[in-house]
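Below is one structure, written out as C-alpha coordinates, with a few remarks after it.
The values are calculated or read from the model by the stated rules, or taken from the named source; none is laboratory data. Predicted, not measured: the structure shown is a model, and the values here were computed from it. FYI the Cβ positions are ideal-geometry reconstructions off the backbone, even for glycines, and counts take in every protein chain you see.
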Amino acid sequence: MPARPFKAGESCILYDHRGRQHLLSLDPDKLFHYDRGAIPHAAIIGVPDGSTVTSTKDSKAVVMRPRLADYVLKMKRGAAVMYPKDSGALITWADIEPGSRVLEAGTGSGALTLALSRAVGTDGLVVTVERRHDHQTHAKRIVAGFRGTMPDNIDFRVGDVEDVVADVEPDRVVLDLPEPWSVVVPAAMHLAGGGVFASYLPTVPQVQRLRDAMDHTGTFIEVDTFEILMRSWNVSGRSVRPEHRMVGHTGFITVGRRRL
Ligand SMILES: C[S@@+](CC[C@H](N)C(=O)[O-])C[C@H]1O[C@@H](n2cnc3c(N)ncnc32)[C@H](O)[C@@H]1O
(Lines give C-alpha, C1' and ligand atoms only; values in the text may rest on other atoms or scores of the structure.)
Protein backbone atom coordinates (compact mmCIF):
# COMPACT_ATOMS: atom_id res chain seq x y z
CA MET A 1 0.00 0.00 0.00
CA PRO A 2 1.47 3.42 -0.88
CA ALA A 3 2.37 5.62 2.12
CA ARG A 4 -0.40 8.12 2.91
CA PRO A 5 0.52 11.79 2.58
CA PHE A 6 0.60 13.94 5.72
CA LYS A 7 -2.34 16.23 6.34
CA ALA A 8 -2.72 19.38 8.44
CA GLY A 9 -3.60 18.73 12.10
CA GLU A 10 -1.85 15.39 12.46
CA SER A 11 1.45 14.66 14.16
CA CYS A 12 4.75 14.02 12.50
CA ILE A 13 8.17 13.06 13.80
CA LEU A 14 11.02 14.89 12.13
CA TYR A 15 14.40 13.11 12.33
CA ASP A 16 17.11 15.71 11.83
CA HIS A 17 20.65 15.20 10.41
CA ARG A 18 21.79 13.83 13.78
CA GLY A 19 18.83 11.49 14.16
CA ARG A 20 17.27 13.64 16.88
CA GLN A 21 13.50 13.38 16.97
CA HIS A 22 11.16 16.39 16.97
CA LEU A 23 7.42 15.92 17.37
CA LEU A 24 5.43 18.40 15.26
CA SER A 25 1.73 19.11 15.06
CA LEU A 26 1.36 20.01 11.40
CA ASP A 27 0.02 23.51 10.80
CA PRO A 28 0.36 25.06 7.31
CA ASP A 29 1.14 28.48 8.86
CA LYS A 30 4.04 27.30 11.04
CA LEU A 31 7.78 26.84 10.57
CA PHE A 32 9.93 24.35 12.47
CA HIS A 33 13.15 26.13 13.53
CA TYR A 34 16.34 24.33 14.56
CA ASP A 35 20.13 24.68 14.30
CA ARG A 36 20.03 23.87 10.57
CA GLY A 37 17.57 26.61 9.64
CA ALA A 38 13.84 26.15 9.27
CA ILE A 39 11.40 23.79 7.61
CA PRO A 40 7.90 25.05 6.82
CA HIS A 41 5.21 22.61 7.91
CA ALA A 42 3.69 23.25 4.48
CA ALA A 43 6.68 21.40 2.97
CA ILE A 44 5.67 18.31 4.97
CA ILE A 45 1.90 18.46 4.46
CA GLY A 46 1.12 16.50 1.31
CA VAL A 47 4.33 14.41 1.16
CA PRO A 48 4.13 10.68 1.95
CA ASP A 49 5.18 9.15 5.29
CA GLY A 50 8.95 8.45 5.21
CA SER A 51 9.84 11.35 2.88
CA THR A 52 12.98 13.50 3.06
CA VAL A 53 12.56 17.26 3.32
CA THR A 54 15.19 20.03 3.09
CA SER A 55 15.72 22.95 5.49
CA THR A 56 16.48 26.56 4.54
CA LYS A 57 20.17 25.75 5.27
CA ASP A 58 20.06 22.79 2.89
CA SER A 59 20.07 20.12 5.61
CA LYS A 60 18.06 16.94 5.07
CA ALA A 61 15.51 15.57 7.51
CA VAL A 62 13.21 12.56 7.38
CA VAL A 63 9.54 12.85 8.34
CA MET A 64 7.43 9.97 9.60
CA ARG A 65 4.08 9.42 11.25
CA PRO A 66 4.81 8.69 14.92
CA ARG A 67 4.09 5.22 16.20
CA LEU A 68 1.74 5.37 19.14
CA ALA A 69 4.67 4.60 21.49
CA ASP A 70 6.74 7.48 20.03
CA TYR A 71 3.82 9.85 20.42
CA VAL A 72 3.11 8.88 24.03
CA LEU A 73 6.74 9.28 25.07
CA LYS A 74 7.21 12.62 23.28
CA MET A 75 3.85 14.37 23.67
CA LYS A 76 3.16 17.15 26.20
CA ARG A 77 1.84 15.46 29.33
CA GLY A 78 -0.65 16.73 31.85
CA ALA A 79 -1.12 13.79 34.23
CA ALA A 80 1.54 11.03 34.25
CA VAL A 81 1.05 8.74 31.25
CA MET A 82 1.07 4.97 31.11
CA TYR A 83 4.24 3.79 29.40
CA PRO A 84 3.84 1.76 26.19
CA LYS A 85 5.52 -1.28 27.81
CA ASP A 86 2.71 -1.30 30.38
CA SER A 87 -0.24 -0.43 28.13
CA GLY A 88 0.78 -3.21 25.71
CA ALA A 89 0.83 -5.80 28.49
CA LEU A 90 -2.35 -4.47 30.05
CA ILE A 91 -4.24 -4.70 26.76
CA THR A 92 -3.05 -8.28 26.32
CA TRP A 93 -3.88 -9.49 29.86
CA ALA A 94 -7.18 -7.62 30.02
CA ASP A 95 -7.86 -9.38 26.71
CA ILE A 96 -9.11 -6.28 24.98
CA GLU A 97 -10.07 -7.13 21.42
CA PRO A 98 -11.96 -5.62 18.47
CA GLY A 99 -15.56 -5.08 19.59
CA SER A 100 -14.79 -4.81 23.35
CA ARG A 101 -16.79 -2.36 25.45
CA VAL A 102 -14.18 -0.84 27.80
CA LEU A 103 -14.70 1.46 30.75
CA GLU A 104 -11.46 3.37 31.42
CA ALA A 105 -10.50 5.84 34.19
CA GLY A 106 -8.91 8.26 34.70
CA THR A 107 -8.43 9.59 31.23
CA GLY A 108 -5.38 11.56 32.46
CA SER A 109 -3.36 12.59 29.40
CA GLY A 110 -5.20 10.17 27.12
CA ALA A 111 -2.22 7.93 26.36
CA LEU A 112 -3.93 4.72 27.41
CA THR A 113 -7.19 5.92 25.84
CA LEU A 114 -5.45 6.06 22.44
CA ALA A 115 -4.10 2.52 22.86
CA LEU A 116 -7.50 1.22 23.96
CA SER A 117 -9.28 2.94 21.07
CA ARG A 118 -6.98 1.14 18.63
CA ALA A 119 -7.45 -2.19 20.35
CA VAL A 120 -11.27 -2.13 20.38
CA GLY A 121 -11.47 -1.04 16.74
CA THR A 122 -14.47 0.37 14.89
CA ASP A 123 -16.94 -2.11 16.41
CA GLY A 124 -15.85 -1.44 20.00
CA LEU A 125 -16.25 1.43 22.45
CA VAL A 126 -14.04 3.10 25.05
CA VAL A 127 -15.93 5.06 27.69
CA THR A 128 -13.22 7.09 29.41
CA VAL A 129 -14.00 8.92 32.64
CA GLU A 130 -11.97 11.73 34.19
CA ARG A 131 -12.85 13.70 37.31
CA ARG A 132 -10.87 16.82 36.27
CA HIS A 133 -12.16 19.00 33.44
CA ASP A 134 -8.68 20.37 32.68
CA HIS A 135 -7.26 16.86 32.30
CA GLN A 136 -10.11 15.87 30.00
CA THR A 137 -9.59 18.96 27.81
CA HIS A 138 -5.88 18.22 27.53
CA ALA A 139 -6.51 14.53 26.78
CA LYS A 140 -8.97 15.35 23.98
CA ARG A 141 -6.31 17.53 22.34
CA ILE A 142 -3.73 14.76 22.68
CA VAL A 143 -6.02 12.06 21.29
CA ALA A 144 -7.21 14.14 18.31
CA GLY A 145 -3.68 15.41 17.61
CA PHE A 146 -2.23 11.96 17.05
CA ARG A 147 -3.70 11.34 13.59
CA GLY A 148 -5.46 14.68 13.15
CA THR A 149 -9.00 13.41 13.84
CA MET A 150 -10.93 12.31 16.90
CA PRO A 151 -11.61 8.55 16.80
CA ASP A 152 -15.37 7.99 16.92
CA ASN A 153 -15.15 4.98 19.26
CA ILE A 154 -14.33 7.08 22.36
CA ASP A 155 -16.96 8.49 24.72
CA PHE A 156 -15.29 11.10 26.99
CA ARG A 157 -17.06 11.71 30.29
CA VAL A 158 -16.33 13.96 33.27
CA GLY A 159 -17.03 12.50 36.70
CA ASP A 160 -16.07 9.75 39.11
CA VAL A 161 -15.80 6.37 37.47
CA GLU A 162 -17.44 4.55 40.38
CA ASP A 163 -20.68 6.39 39.49
CA VAL A 164 -20.89 5.24 35.87
CA VAL A 165 -20.09 1.51 35.97
CA ALA A 166 -23.78 0.56 36.23
CA ASP A 167 -24.71 2.81 33.31
CA VAL A 168 -21.94 1.54 31.00
CA GLU A 169 -22.18 -2.20 31.76
CA PRO A 170 -18.67 -2.78 30.41
CA ASP A 171 -17.04 -6.06 29.53
CA ARG A 172 -13.64 -4.65 30.57
CA VAL A 173 -12.77 -2.14 33.33
CA VAL A 174 -9.31 -0.56 33.08
CA LEU A 175 -8.16 1.77 35.84
CA ASP A 176 -5.13 4.01 36.16
CA LEU A 177 -6.05 6.03 39.25
CA PRO A 178 -4.89 6.10 42.88
CA GLU A 179 -7.90 4.48 44.61
CA PRO A 180 -9.19 1.66 42.41
CA TRP A 181 -10.63 -0.21 45.43
CA SER A 182 -13.57 2.21 45.36
CA VAL A 183 -14.49 0.78 41.93
CA VAL A 184 -14.28 -2.87 42.97
CA VAL A 185 -17.84 -3.26 44.29
CA PRO A 186 -19.55 -1.53 41.32
CA ALA A 187 -17.37 -3.61 38.98
CA ALA A 188 -18.27 -6.80 40.87
CA MET A 189 -21.94 -5.97 40.27
CA HIS A 190 -21.96 -4.59 36.72
CA LEU A 191 -18.96 -6.00 34.83
CA ALA A 192 -20.01 -8.64 32.30
CA GLY A 193 -19.60 -12.26 33.38
CA GLY A 194 -16.10 -13.46 32.41
CA GLY A 195 -15.11 -9.81 31.96
CA VAL A 196 -11.76 -8.49 33.11
CA PHE A 197 -11.05 -5.91 35.80
CA ALA A 198 -7.58 -4.39 35.36
CA SER A 199 -5.75 -1.84 37.46
CA TYR A 200 -2.39 -0.12 37.25
CA LEU A 201 -0.78 1.09 40.48
CA PRO A 202 2.65 2.45 41.39
CA THR A 203 3.04 1.19 44.98
CA VAL A 204 2.81 -2.05 46.96
CA PRO A 205 0.42 -0.77 49.69
CA GLN A 206 -2.03 0.29 46.96
CA VAL A 207 -1.81 -3.17 45.39
CA GLN A 208 -2.41 -4.84 48.77
CA ARG A 209 -5.47 -2.72 49.41
CA LEU A 210 -6.85 -3.44 45.94
CA ARG A 211 -6.25 -7.18 46.26
CA ASP A 212 -7.99 -7.21 49.68
CA ALA A 213 -10.99 -5.41 48.21
CA MET A 214 -11.15 -7.83 45.27
CA ASP A 215 -10.90 -10.87 47.58
CA HIS A 216 -13.58 -9.42 49.85
CA THR A 217 -16.21 -9.45 47.08
CA GLY A 218 -15.64 -13.17 46.41
CA THR A 219 -16.38 -12.34 42.77
CA PHE A 220 -13.00 -12.21 41.07
CA ILE A 221 -11.00 -15.24 40.01
CA GLU A 222 -7.69 -15.64 38.17
CA VAL A 223 -6.41 -12.56 39.97
CA ASP A 224 -2.83 -11.79 39.12
CA THR A 225 -0.38 -8.95 39.85
CA PHE A 226 2.78 -8.44 37.83
CA GLU A 227 5.16 -5.80 36.54
CA ILE A 228 6.89 -5.35 33.20
CA LEU A 229 10.63 -4.65 32.99
CA MET A 230 11.97 -3.59 29.62
CA ARG A 231 15.71 -3.45 29.01
CA SER A 232 16.98 -1.93 25.77
CA TRP A 233 20.25 -3.09 24.23
CA ASN A 234 23.06 -1.16 22.64
CA VAL A 235 24.05 -2.89 19.38
CA SER A 236 26.96 -1.09 17.77
CA GLY A 237 29.84 -3.04 16.15
CA ARG A 238 31.22 -5.32 18.84
CA SER A 239 29.57 -3.39 21.60
CA VAL A 240 26.52 -5.55 22.09
CA ARG A 241 25.29 -5.15 25.65
CA PRO A 242 22.35 -3.82 27.68
CA GLU A 243 22.02 -0.02 27.77
CA HIS A 244 23.51 1.51 30.92
CA ARG A 245 20.19 3.08 31.90
CA MET A 246 16.68 1.75 32.09
CA VAL A 247 13.32 2.78 33.54
CA GLY A 248 13.51 0.94 36.85
CA HIS A 249 9.90 1.18 37.97
CA THR A 250 6.59 2.38 36.63
CA GLY A 251 3.70 0.37 38.05
CA PHE A 252 2.11 -2.96 38.90
CA ILE A 253 -0.67 -4.40 36.78
CA THR A 254 -3.42 -6.37 38.51
CA VAL A 255 -6.04 -8.28 36.53
CA GLY A 256 -8.93 -10.48 37.61
CA ARG A 257 -12.05 -11.96 35.99
CA ARG A 258 -15.62 -11.67 37.19
CA ARG A 259 -17.58 -14.80 37.85
CA LEU A 260 -21.37 -14.65 37.95
C1 LIG B 1 -2.20 8.76 36.27
S2 LIG B 1 -3.52 9.64 35.53
C3 LIG B 1 -4.04 8.57 34.22
C4 LIG B 1 -3.09 8.58 33.04
C5 LIG B 1 -3.60 7.89 31.81
N6 LIG B 1 -3.78 6.46 32.01
C7 LIG B 1 -2.68 8.10 30.62
O8 LIG B 1 -2.05 7.13 30.17
O9 LIG B 1 -2.57 9.25 30.15
C10 LIG B 1 -4.81 9.47 36.72
C11 LIG B 1 -6.05 10.31 36.43
O12 LIG B 1 -7.16 9.77 37.12
C13 LIG B 1 -8.02 10.82 37.52
N14 LIG B 1 -8.88 10.26 38.59
C15 LIG B 1 -8.51 9.94 39.86
N16 LIG B 1 -9.54 9.34 40.51
C17 LIG B 1 -10.58 9.27 39.63
C18 LIG B 1 -11.90 8.75 39.70
N19 LIG B 1 -12.37 8.17 40.81
N20 LIG B 1 -12.71 8.83 38.59
C21 LIG B 1 -12.23 9.41 37.46
N22 LIG B 1 -10.99 9.93 37.34
C23 LIG B 1 -10.16 9.85 38.40
C24 LIG B 1 -7.06 11.92 37.90
O25 LIG B 1 -7.67 13.19 37.86
C26 LIG B 1 -5.94 11.76 36.85
O27 LIG B 1 -6.17 12.60 35.73
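Counting the residues of the stretch 1-33 that are of a type outside the set (D, E, K, R), out of contact with any Leu (no Cβ under 7 Å at 6 or more places or on another chain) and either surrounded by fewer than 17 Cβ atoms within 10 Å (Cβ to Cβ) or assigned by TED's automatic domain parsing to the domain that holds Met150 (or both) gives 12.
Counting only residues that are more than 16 Å from the ligand (Cβ to nearest atom) and hydrophobic (A, V, I, L, M, F, W, C), which one in the stretch 50-85 is farthest from Ala111 (Cα to Cα)? Here the answer is Val53.
Screening the candidates Val126, Val164, Val143 for the property of being within 28 Å of Thr225 (Cβ to Cβ) and either touching a helix residue (DSSP H, G or I) at 6+ places or on another chain (Cβ under 6 Å) or more than 12 Å from the ligand (Cβ to nearest atom) (or both) yields one hit, Val126. Among the residues of the stretch 101-114, just one is more than 10 Å from the ligand (Cβ to nearest atom) and surrounded by fewer than 24 Cβ atoms within 10 Å (Cβ to Cβ), namely Arg101.
Listed by position, the strands (runs of 3 or more DSSP E) inside the stretch 1-71 whose residues that are in contact (Cβ under 8 Å) with a residue 60 or more places away in the chain number at least 2 are 11-15. Pairing residues of the stretch 152-165 that are within 17 Å of Trp181 (Cβ to Cβ) with residues that are small (Gly, Ala, Ser), at Cβ distances under 7 Å and at least 6 apart in sequence or on separate chains, gives Val161/Ala105; Glu162/Ser182; Val165/Ala187.
Total residues in the stretch 190-213 satisfying the condition of being in contact with a helix residue (DSSP H, G or I) (Cβ under 7 Å, 6 or more places away or on another chain) and closer than 16 Å to Leu260 by Cβ: the figure is 2.
Of Arg172, Arg147, Arg157, all but one fail to be buried (at least 17 other Cβ atoms within 10 Å of the Cβ) and within 23 Å of Arg67 (Cα to Cα); the exception is Arg147. Somewhere in the stretch 119-133, is a residue part of a loop (DSSP other than H, G, I, E, B), of a type in the set (Gly, Ala, Ser) and in the same structural domain as Pro84 (by TED's automatic domain parsing)? There is at least one residue in the stretch 119-133 that is part of a loop (DSSP other than H, G, I, E, B), of a type in the set (Gly, Ala, Ser) and in the same structural domain as Pro84 (by TED's automatic domain parsing).
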